[in-house]
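The values are calculated or read from the model by the stated rules, or taken from the named source; none is laboratory data. This structure is a prediction, so every number in the text was calculated from the model and none was measured. Don't worry about glycine lacking a Cβ; one is built from the backbone with ideal geometry, like all the others, and counts go over all protein chains shown.
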Amino acid sequence: GAGVSQSPSNKVTEKGKDVELRCDPISGHTALYWYRQSLGQGLEFLIYFQGNSAPDKSGLPSDRFSAERTGGSVSTLTIQRTQQEDSAVYLCASSLGGGETQYFGPGTRLLVL
Amino acid sequence: GQSLEQPSEVTAVEGAIVQINCTYQTSGFYGLSWYQQHDGGAPTFLSYNALDGLEETGRFSSFLSRSDSYGYLLLQELQMKDSASYFCAVSPMDTGRRALTFGSGTRLQVQP
């Protein structure tokens, strides 16, 4: 079946611009996660959605970052007024019910010039 | 808070056995997971230990000892395709969420 998909796969933007990253989770998965991975580093938790509950935003690094999940499915991560330190791979994952097995998408590679 | 420590790099030869250790400091977690990530690829799930002991999945085994705050991933009969980064991760209890906290990863290089 279809896995987690993300778009765009690559994004180059200028400092100060806003960007939107999209994630389509596996159908039926109630939990959706966003992580960020800098070059050669581990994954940093950003935000977690579980069903209709309020999202856990505790990992968002600043108020320039926001995310929403519409209809319990597709999610969009928005970064406003991008900075060069925002350059990283942004990974989305989903799981059946907040379970330990998370299925990752291919990521969006963001480069802020 | 939580922190997980892994060696940054491990090198082994094809056909050998390699163990990647993960030590952690955390107030409590649901279990220890391992993920594999090839260069430029997405992390993929390998193994999960909810309880102490050994879990075996084909050539891969994972071990957890909560009393020792320690776990490891064991890869047997190494193949060239096993060259990748390996991350241990925990799902911490103190936040109530099930998102993962990852170690910084171990880069495994398999040589012929």
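Brief remarks follow.
- Qualifying residues in region B:72-90 (those that are surrounded by 22 or more Cβ atoms within 10 Å (Cβ to Cβ) and over 12 Å from B:His38 (Cα atoms)) - the one modelled with the lowest pLDDT: B:Val90
- Annotation for region B:48-61: at least one member residue is closer than 19 Å to A:Tyr33 by Cβ, within 15 Å of the chain's Cα centre (by Cα) and of a type in the set (Ser, Thr, Tyr).
- A:Gly71 falls short on exactly one of the conditions (1) in a strand (DSSP E or B); (2) farther than 29 Å from B:Ser47 by Cα; (3) at pLDDT below 95, and that condition is (1).
- Which numbered condition A:Pro106 misses (of (1) in a loop (DSSP other than H, G, I, E, B); (2) without any contact (Cβ under 8 Å) to a residue 60 or more places away in the chain; (3) surrounded by 12 or more Cβ atoms within 10 Å (Cβ to Cβ)): (2)
- Listed conditions (1) more than 9 Å from every other protein chain (Cβ to nearest Cβ); (2) touching a residue at least 40 places away in the same chain (Cβ under 8 Å) are all met by B:Ala89, apart from (1).
- Against the conditions (1) within 11 Å of chain B (Cβ to nearest Cβ); (2) surrounded by 18 or more Cβ atoms within 10 Å (Cβ to Cβ), A:Cys23 satisfies every one except (1).
- Residue in region A:80-96 that is within 14 Å of chain B (Cβ to nearest Cβ), closer than 22 Å to B:Thr101 by Cα and in a loop (DSSP other than H, G, I, E, B) present: yes
- Test: residue in region B:14-31 that is among the hydroxyl-bearing types (Ser, Thr, Tyr) and farther than 23 Å from A:Leu91 by Cβ: yes
- Condition check for B:Gly41: modelled with pLDDT under 95 and either surrounded by fewer than 21 Cβ atoms within 10 Å (Cβ to Cβ) or touching a helix residue (DSSP H, G or I) at 6+ places or on another chain (Cβ under 7 Å) (or both): yes
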